1. Among A:Glu320, B:Glu118, which comes first, second and so on when ranked by fewest other beta-carbon atoms within 10 Å?
2. Using the Cα gyration tensor of the protein assembly as shown, with a ≥ b ≥ c the square roots of its eigenvalues, what is the shape: rounded (a/c below 1.5), prolate (a/b larger than b/c) or oblate (neither)?
3. Residues of B:35-47, mean number of Cβ from any other protein chain within 10 Å of their own Cβ, rounded to a whole number?
4. In the stretch B:6-225, what percentage of the DSSP-assigned beta bridges are antiparallel, given to the nearest 5?
5. For A:Gly32, which sequence-distant residues (separation of 5 or more, or a different chain) have an amide H within less than 5 Å of its own amide H, given hydrogens modelled in the peptide plane?
6. Which lysines does B:Lys175 reach when only Cα atoms under 21 Å apart count, and residues fewer than 8 places away in its own chain are ignored?
7. Below 8 Å, C-alpha to C-alpha, sequence gap of six or more: please give me the relative contact order for the stretch A:243-324 in percent.
8. Take the residue pairs A:Lys10/A:Lys197; A:Lys10/A:Lys58; A:Lys126/A:Lys173; B:Lys18/B:Lys50; A:Lys149/B:Lys18; B:Lys11/B:Lys50 and return only those whose Cα atoms are more than 20 Å apart.
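Nothing in this text is a laboratory measurement; each read-out follows from the coordinates by a stated rule. Computed from a predicted structure; not experimentally measured. Please note: Cβ atoms are built from the backbone with ideal geometry, for glycine as well, and neighbour counts cover all protein chains shown.
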Amino acid sequence: MSLIEIHDLKVHYPIRSGFWNRVTDSVKAVDGISFNIEAGETYGLVGESGSGKSTTGKSVVGLEKVTSGQIIYQGQDITRPATRRRLHYNQDVQMIFQDSLSSLNPRKRIEDIIAEPLRNFDHLSKDDEKLRVLQLLDIVGLDADALYKYPHQFSGGQRQRIGVARAVATNPKLIIADEPVSALDLSVQAQVLNFMKQIQQEFGISYLFISHDLGVVRHMCNNIAIMHKGRLVELGTREDIYHHPLHLYTKRLLAAIPETNVNQRVAHRATRQAVERAYQDQQTRYYDADGAPFPLVAVSPTHFVALPADFAKSLAHAEEEVQA
Amino acid sequence: MATEENFLTIKDVSTAFKINGQYYDAISHINLTVHHDEILALVGESGCGKSTLATTIMGLHDPEETRISGVVDFEGTNLLQLDEDGYNQFRGAKIGMIFQDPLSALNPLKRVEDQIQEVLDYHTTLSTAAKHDRVMELLDQVGIVNPPLTARQYPHELSGGMRQRVIIAIAIACKPDLIIADEPTTALDVTIQAQILDVLRSIQAENHAGIILITHDLGVVAETADRVAVMYAGQIVESGSAEQIFNTPKHPYTRSLLRSMPQRNNESDDLYVIQGNVPSLRRLPTTGDRFASRIPWVPASEHEATPTMHEVAPGHEVRCTCYRNFTFPDEKGSDHV
């Protein structure tokens with residue numbers, strides 16, 4: 001059984017206008033998405049800004065009011081706050097934020113920041129609490145003298161690791177990581193990513209890894225969902241997405257990753273511009289009459305794509321022939 | 001017209017900031033040249049001084065708080081000797097600058113057209129009608145689909161990619177010889193980033209301009225740059241053509257950076273992490289190799305007492321001698337994955 005199942009999740013924001021300030025329309029930030037996160041895996045949610053990926057992450061933690069749909073955890077729908085409390089859901093699911101500086105209280109010391117979730121849930125004695133905080137700092141590779149410092153006294157990478165320490169304090173089963181490394185330098189990014197993998201192996205944590213960086217996602221995630229305009233356009237394993245992409249939007253995203261092999265950059269640029277042209281020309285084949293992605297259809301047990309069934313089949317067939 | 005001559009030569013430039021009454025070098029003894037028709041990428045992590053170099057060239061530092069030495073020779077003029085009025089003849093006219101955050105670089109109260117026209121007002125004597133035509137031409141050149149519509153809009157009505165295009169239009173309004181682009185795509189999505197880089201490249205080809213592209217993203221560099229200078233802790237540690245830097249990197253720092261890129265790694269492997277931290281401005285080592293503390297397994301005898309640049313191939317220079325026998329601790333031989 002999956003750790004978390006998300007069924008037809010929708011988050012709509014109302015637009016009010018007119019004399020009576022009635023709801024006249026809505027922004028469909030997330031418009032009917034479904035996926036499952038298995039225990040111990042890293043699930044990648046990829047999309048450009050405005051695609052609804054962060055809103056999805058927030059609704060899974062319970063920070064966003066869900067319009068409709070279900071999030072099933074231990075067989076129960078946790079979109080209701082009462083259910084969340086009964087299942088200790090808020091303890092089992094934690095979050096790491098993108099901007100480590102603004103997500104840590106500047107007026108609190110590290111000790112209090114990391115101890116806050118413990119004080120909320122575990123109610124330890126003073127000595128035990130301190131021991132646990134020291135243990136957490138040790139896990140993320142910080143010294144004991146960090147305890148009495150304030151967030152501004154740390155570098156970006158260290159702050160992000162403090163954020164991770166706070167997230168793992170309650171022994172969560174799932175961590176939502178919303179762009180955890182996009183504000184960091186390359187060498188610091190490597191440090192934080194390695195470290196996230198390491199605690200995953202140690203504690204069997206699952207991640208919902210939200211990112212726009214397909215290079216990082218390939219490194220981290222076993223299963224990946226590509227999100228666009230509030231819906232999923234393609235969903236599959238790392239192999240499916242990176243080696244057999246079917247939806248043109250996925251191909252476009254992949255083509256936009258800068259080529260790090262200098263010798264092939266001219267060829268890569270030509271490919272990218274060809275894909276971009278195709279994307280502009282073939283909107284009607286890949287999106288429905290309203291410009292929204294189609295519902296997902298399965299092309300293999302693991303690989304789903306948002307296209308009409310016969311079109312998806314013919315694309316998958318063509319792809320197989322190219323591979324053969 | 002395009003010439004092979006260096007139109008920008010930076011000689012021995014150092015910029016020091018005053019902190020509590022003491023000066024600390026943010027960049028020290030930088031030597032660089034920029035040619036027409038090329039994109040020179042300045043790469044490095046945050047705090048390495050790449051933006052400081054850009055603002056030094058543009059003369060944007062407060063003379064009370066900074067101490068600048070060296071020569072920035074721009075087509076025969078030493079920019080560092082100019083006063084504010086003299087600088088204004090260059091800024092915007094012959095040197096254009098593109099900033100990282102397009103929203104804060106634009107005036108929220110002015111329409112796009114007025115913002116672009118402002119540059120033309122200051123530096124040209126065109127008639128109002130000619131200015132209007134030029135604005136349309138510029139918007140078209142940076143790939144804006146409907147120039148008359150966009151010209152009437154305010155910055156908040158535009159998407160991030162469109163705003164950055166407007167910034168580029170402002171920067172190139174007077175056909176500058178030099179464009180300094182400071183992290184022009186960092187705030188943008190990958191697909192938009194690719195488009196903006198295409199725009200930069202086409203503008204460079206049309207105007208025969210030289211571009212200094214400042215970025216921390218090695219992918220962007222590999223995709224766009226002709227020449228690359230890698231900076232660490234205020235110094236250039238390696239410079240050469242893009243092929244030289246990416247195919248045969250020499251300096252331990254360059255090699256470490258390339259090894260820590262997720263794109264270049266196997267999915268299951270751990271990424272390479274450089275030991276230690278970047279030293280802060282006030283704690284920079286005054287002698288010896290500044291990178292030495294990050295590669296502690298390399299014996300001191302491998303480093304030079306006063307590291308200098310060594311030419312390893314035509315146009316390819318590396319600082320310090322420690323690159324010669326450098327290997328990573330977990331392997332013997334090459335680091336090619």
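1. Ordered from fewest to most neighbouring Cβ atoms within 10 Å, A:Glu320, B:Glu118 come out as A:Glu320, B:Glu118.
2. oblate
3. Mean partner-chain Cβ count within 10 Å for B:35-47: 1.
4. Bridges in the stretch B:6-225 are about 55 percent antiparallel.
5. Excluding prolines and chain starts, which carry no amide H, the hits are A:Leu9, A:Lys10, A:Val11.
6. Those lysines meeting the cut-off are B:Lys94, B:Lys131.
7. 25
8. Too far apart for the 20 Å limit: A:Lys10/A:Lys197; A:Lys126/A:Lys173; A:Lys149/B:Lys18.
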